[in-house]
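The values are calculated or read from the model by the stated rules, or taken from the named source; none is laboratory data. Everything numeric in this text was worked out from a predicted model, so none of it was measured. With ideal geometry, Cβ positions are generated from the backbone for all residues, glycine too; neighbour counts draw on all protein chains shown. Surface areas here come from the heavy atoms of the whole protein model, side chains and all, with no ligands, DNA or RNA. Shrake-Rupley method; radii C 1.70, N 1.55, O 1.52, S 1.80 Å.
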Amino acid sequence: MNPDVSIIIFCYNQTKYISEAIQSILAQTFTNWELLVSDNGSIDGTQEKIKNFIHDPRIKLLLNDKNETITKRYKEALSKTRGNFISILYGDDFYMPEKIEKQLGCFENLSKEWGVVHGPGLTLNQSDGKKVLDSCTKVHGEALKDLLVNYYDGFINPISPLVRSECFRIYPSYQDLFVEAECLYFKFALTYKFFYLDEPLVVMRQHDTNMRWFSKRNSEVLDTCLERLPTFKEFPKKYSDLLLTMRVKALTNSAWQNIRLGIDSNWARSKLISSFRLSFFQSFSIRNLISLSLTLMPNFLVIWFNQLINILFRRTEQIYIDEPYQKKE
């Protein structure tokens with residue numbers, strides 16, 4: 001008998017946490033699942049920990065010698081799934097015991113036009129053991145407009161959704177990108193409705209080697225995925241202006257964040273120029289003019305500006321590193 005649900009764990013150098021991630025699947029109250037553990041070339045002993053679970057016939061190990069793009073690992077793992085539903089987990093996070101059972105219960109009462117059941121999650125601070133409710137979108141029903149308009153108010157929790165497997169078949173990851181991550185849900189929303197289950201059923205760890213991250217590559221992936229969205233015949237033309245507004249906002253926000261982190265002024269300037277080319281009127285603002293000016297200033301003036309902002313608003317910006325499934329730049 002084929003499993004109803006295929007769960008995929010993607011991991012890289014997570015020897016401290018991978019066993020608990022797998023144990024959280026074994027502890028699920030719903031048992032007709034298969035688990036594929038895709039390791040992206042770990043060198044810290046993670047693969048040895050994974051091999052401890054080979055005795056369970058529901059678990060398949062996809063152990064790799066090389067660290068490759070995440071989209072490639074997604075394609076490999078998804079091609080081996082047999083379930084009608086897919087659930088994604090990362091090797092340093094974990095599920096609560098009723099995660100799969102409760103989400104499948106939602107699907108039992110939904111027609112096939114509903115492709116995603118999602119909800120909030122908890123963030124576990126590994127340094128002090130505290131758990132807090134993480135912000136996410138509460139989008140329910142037709143999702144695309146809400147995802148475009150309210151992206152920065154909280155998006156889809158990356159490990160929360162249970163997704164019909166056909167969503168991944170119809171809208172596979174872009175193989176020319178290193179990672180697509182949450183941008184997949186823009187594509188799913190072109191065709192499928194989203195069901196919001198207002199109960200935290202997943203836990204994402206926050207620790208020194210995996211804090212939710214800002215990077216230049218993230219910004220570029222987001223803009224590329226948004227740029228390609230209208231190429232799908234399912235994209236509603238009435239949302240073209242909303243999409244343009246989000247692209248401008250994404251580019252200018254990334255430039256500002258980059259300046260606040262002091263990473264790469266040339267890159268930040270290129271993002272601002274791109275935003276002005278997309279829509280001069282939407283890009284024209286005091287903050288964006290300040291951002292553009294800062295990219296032309298000596299580094300010591302940028303540092304002074306950031307220190308002043310931190311003092312005035314009593315805040316600091318946090319540098320995040322890339323997700324642990326990969327180390328490549």
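Given R₀ = 25 Å, FRET efficiency for S270-L242 by Cβ-Cβ distance, to 0.05? Given R0 = 25 Å and the Cβ-Cβ separation, E is 0.55. Within the chain, C11, C106, C136, C167 have no other Cys Cβ under 4.7 Å of their Cβ and so lack a disulfide-compatible partner by this rule. Between L312 and I43, the modelled labels are 4.5 nm apart [label points 7 Å from Cα along Cα→Cβ]. Of the Cα atoms belonging to the chain, the radius of gyration and Dmax stand at 20.6, 65 Å. Of the accessible area of the chain, computed with a 1.4 Å probe over protein heavy atoms only, carbon and sulfur atoms account for 54 percent.
Across the range 132-147, rounded Karplus estimates of 3J(HN,Hα) from the backbone phi angles (6.51 cos²θ - 1.76 cosθ + 1.60, θ = phi - 60°) give 10, 6, 8, 6, 7, 6, 10, 4, 9, x, 4, 10, 4, 4, 5, 5 Hz, Gly and Pro being marked x. Across the range 113-217, Cα-Cα distances exceeding 19 Å account for 48% of all pairs. Between E68 and E20, the C-beta separation translates, for a Förster distance of 25 Å, into a calculated FRET efficiency of about 0.50. Per residue, the average separation of C-alpha pairs within less than 8 Å and at least 6 apart gives the chain a relative contact order of 18 percent. Restricting the calculation to alpha carbons of the range 1-48 gives Rg and Dmax of 11.8, 36 angstrom. Of interest is the spacing of the C-alpha centroids, which for the range 1-63 and the range 210-262 amounts to 32 Å. Taken along its three principal axes, the alpha carbon spread of the range 1-112 comes to 44, 26, 23 Å, from the longest extent down to the shortest.
What length, rounded to one decimal in nm, is gained on full extension from S127 through to N84, with 0.36 nm per residue of separation minus their alpha-carbon distance? Don't jump to the answer; show the numbers that get you there.
Details: separation 43, 0.36 × 43 = 15.48 nm, distance 3.77 nm.
Answer, rounded to one decimal: 11.7 nm.
Counting charges near L26 (Lys, Arg +1; Asp, Glu -1) among other residues having Cβ under 13 Å from its Cβ returns a value of -1. When the P(r) of the range 129-182 is calculated, the portion above 17 Å amounts to 53% of the C-alpha pairs. Restricting the range 1-94 to trypsin sites (Lys or Arg not before Pro) that sit in a DSSP loop and have at most 16 other Cβ atoms within 10 Å of their own Cβ leaves R58, K66, K80, R82. Excluding ligands, DNA and RNA, the accessible surface per residue across the chain is 48 Å² with a 1.4 Å probe. Extents of the range 139-292, taken as max minus min of Cα coordinates on every principal axis and listed largest first, are 44, 43, 31 Å. Computed over the range 198-288, the percent of Cα pairs more than 20 Å apart is 47. Note on the range 95-169: Cα-only Rg and Dmax are 14.0, 43 Å.
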